[in-house]
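Read the structure below first, then the notes.
The values are calculated or read from the model by the stated rules, or taken from the named source; none is laboratory data. Computed from a prediction, not measured in an experiment: that's the story for all the values here. Note that each Cβ is placed from the backbone with ideal geometry, even for glycine, and that neighbours are counted across all protein chains shown.
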Amino acid sequence: MIETEIKKFSAELLENLNDKKIQIIGHYDSDGISSTAIISKTLERLEKQFSLKIVKQLTEKEILSLPKDKIIIFLDLGSGSIEKLKELKNTIFIIDHHEISNKEELKEIKNIKIINPTLIEETENLCTSELSYLISREISSDNIDLAYLAIIGMIGDVMDRQISKIRNKIIKDAKVIIKKGLLVYPSTRPIDRTLEYSSKFFIPGVTGDKKGAYELLKEAGIEKIGKNYKSLIDFSNQEMKKLVTTIMLRVPSKEEEYIGNIYLIKFFNKIEDVREISAIINACSRMDEPETALLVCLGNFQARKKAERIYIKYRQQIISGLRYVEKDSSILGEEYIIINAKDNIKDTIIGTIASILSFSSIYDDGKIIIAMAYSEDKIKVSARISGKNKDSNVNLKELMDSLTEVIGGESGGHKMAAGCLIDKKDEEKFIDMIKKRFEYEVIKVKNNQNI
């Protein structure tokens with residue numbers, strides 16, 4: 001049971017923190033940063049001294065540079081680096097939800113304490129910020145006020161469609177307001193601006209196009225109230241249906257892919273859409289400002305103003321990236337699409353572009369999206385599965401692991417979203433390997449069907 005593991009892990013963490021230096025290492029996405037905010041606030045309230053760092057990826061170089069005299073707490077990373085971490089003399093705590101390659105070996109490792117849902121049979125699939133909050137709450141019930149951070153991470157990792165018993169309790173702790181509606185954000189701003197700038201899913205001719213957004217609303221019969229359009233949370237059921245129907249005519253898909261829960265929390269003394277908060281945090285990190293993102297999570301007003309400016313630039317880059325994909329002649333196979341953006345899309349947002357495309361219904365359900373972007377002398381690769389496809393027979397983490405085993409590089413992630421970092425010199429070899437892998441799979445399936 002996850003509750004038992006939470007109690008055990010929390011007790012071990014507290015026991016090891018006495019009079020020792022602590023180093024927190026958090027991942028740079030919204031789940032990692034909200035987790036870092038939770039744990040740092042928890043340690044601050046315990047009057048512990050600590051330093052912290054936000055990283056894009058836990059590379060071998062990062063591991064070798066770790067301080068040798070500190071307890072290390074990894075948040076939203078570490079599960080894929082057990083082999084390297086076990087060589088350290090530090091006491092290491094890992095709070096993570098990503099898959100672990102060799103689970104059996106963990107029993108023999110003395111210096112690593114880990115909590116990860118993939119290690120617990122028949123448990124709920126919680127993200128790192130949810131686990132961090134549950135640990136923080138176990139340490140002190142006063143930390144219930146940090147529940148909103150767990151919600152930001154949960155939304156950021158797109159884990160909101162499955163409301164389990166524990167997740168529902170966290171939602172209640174955070175005093176979340178839930179409304180049903182179109183899954184574009186922010187739902188609290190005029191709908192024309194939301195459609196133009198939303199990066200939830202890509203609507204050709206509308207995303208990034210002010211005139212296109214107006215035309216879609218006119219087509220849906222949505223009228224302005226005075227000089228402005230209403231925000232999505234103020235739509236009537238009839239208006240919501242008309243808007244969804246119009247979007248589905250542009251990008252055919254199932255209605256449940258467009259409709260879902262809109263999560264609203266009190267943030268900076270006003271009601272805000274959690275999806276937008278999560279997007280702002282992600283934007284800061286991907287624009288090389290993770291410290292600003294962390295300060296936003298911790299309620300710093302000046303950081304929030306700076307984050308808004310960063311977010312505007314980030315959205316412009318996202319829209320530019322999506323337009324590039326629209327015009328680009330990608331490599332399209334029966335089971336996959338390879339988008340080799342080279343220098344045309346920033347490496348820190350290539351994963352976001354892949355995620356948006358996977359939710360957009362532009363590609364067939366189940367198609368594997370492989371998006372690539374240059375990162376100095378490396379190539380950042382992000383893989384996603386188009387559509388909802390929880391029963392897909394392709395495990396993206398296993399795919400990335402198998403490719404880097406042959407070609408070299410580093411890989412990580414989980415079944416539905418994974419990635420790797422490879423040398424730029426191996427660009428064509430990597431593309432050829434992807435092609436051969438999926439061509440082989442298609443031939444194998446067809447042969448099995450003929451038996």
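Which residues, counting only those in the stretch 98-108, are out of contact with any strand residue (DSSP E or B) (no Cβ under 9 Å at 6 or more places or on another chain), farther than 21 Å from Glu3 by Cβ and not hydroxyl-bearing (Ser, Thr, Tyr)? Correct list: Asn102, Glu104, Glu105, Lys107, Glu108. Residue-level analysis places Gly260 outside the set of residues that are among the small types (Gly, Ala, Ser), without any contact (Cβ under 8 Å) to a residue 60 or more places away in the chain, not in a helix (DSSP H, G or I) and not assigned by TED's automatic domain parsing to the domain that holds Gly153.
A count restricted to the stretch 215-229 and to residues that are crowded, with 17+ Cβ neighbours inside 10 Å and of a type outside the set (Val, Ile, Thr) stands at 4. Here the stretch 257-273 is the region considered, the condition is being hydrophobic (A, V, I, L, M, F, W, C) and closer than 27 Å to Tyr363 by Cβ, and the residue that is modelled with the highest pLDDT is Ile262. Considering only residues in the stretch 159-175 that are in a helix (DSSP H, G or I) and aliphatic (A, V, I, L, M), the one that is surrounded by the fewest Cβ atoms within 10 Å (Cβ to Cβ) turns out to be Ile166.
The numbered conditions (1) under 25 Å from the mean Cα position of the chain (by Cα); (2) surrounded by 15 or more Cβ atoms within 10 Å (Cβ to Cβ) are all true for Lys103 except (2).
Quick check: anything in the stretch 136-149 of a type in the set (S, T, N, Q), touching a Phe, Trp or Tyr at 6+ places or on another chain (Cβ under 9 Å) and modelled with pLDDT of 95 or more? Taking every residue of the stretch 136-149 in turn, at least one turns out to be of a type in the set (S, T, N, Q), touching a Phe, Trp or Tyr at 6+ places or on another chain (Cβ under 9 Å) and modelled with pLDDT of 95 or more.
Summed over the stretch 1-41, residues that are in contact with an Asp or Glu (Cβ under 8 Å, 6 or more places away or on another chain) and not in a helix (DSSP H, G or I) total 5.
Restricting the stretch 264-288 to residues that are assigned to a loop (DSSP other than H, G, I, E, B) and more than 17 Å from the chain's Cα centre (by Cα) leaves a set whose member that is surrounded by the most Cβ atoms within 10 Å (Cβ to Cβ) is Phe268. Across the stretch 113-138, the number of residues qualifying as surrounded by fewer than 20 Cβ atoms within 10 Å (Cβ to Cβ) and closer than 21 Å to Leu17 by Cβ comes to 2.
Applying the set (1) in a helix (DSSP H, G or I); (2) more than 22 Å from the chain's Cα centre (by Cα) to Thr194 leaves exactly one unmet item: (2). Identification of strands (runs of 3 or more DSSP E) wholly contained in the stretch 42-156 with 3 or more residues that are in contact (Cβ under 8 Å) with a residue 12 or more places away in the chain, farther than 20 Å from Pro290 by Cβ and out of contact with any Gly (no Cβ under 8 Å at 6 or more places or on another chain) yields 112-115. Kindly indicate the residue of the stretch 5-23 that is in contact with a Ser or Thr (Cβ under 9 Å, 6 or more places away or on another chain) and closer than 12 Å to Lys48 by Cα and also surrounded by the most Cβ atoms within 10 Å (Cβ to Cβ) among those meeting that condition. If we take residues in the stretch 5-23 being in contact with a Ser or Thr (Cβ under 9 Å, 6 or more places away or on another chain) and closer than 12 Å to Lys48 by Cα, then Ile22 is surrounded by the most Cβ atoms within 10 Å (Cβ to Cβ).
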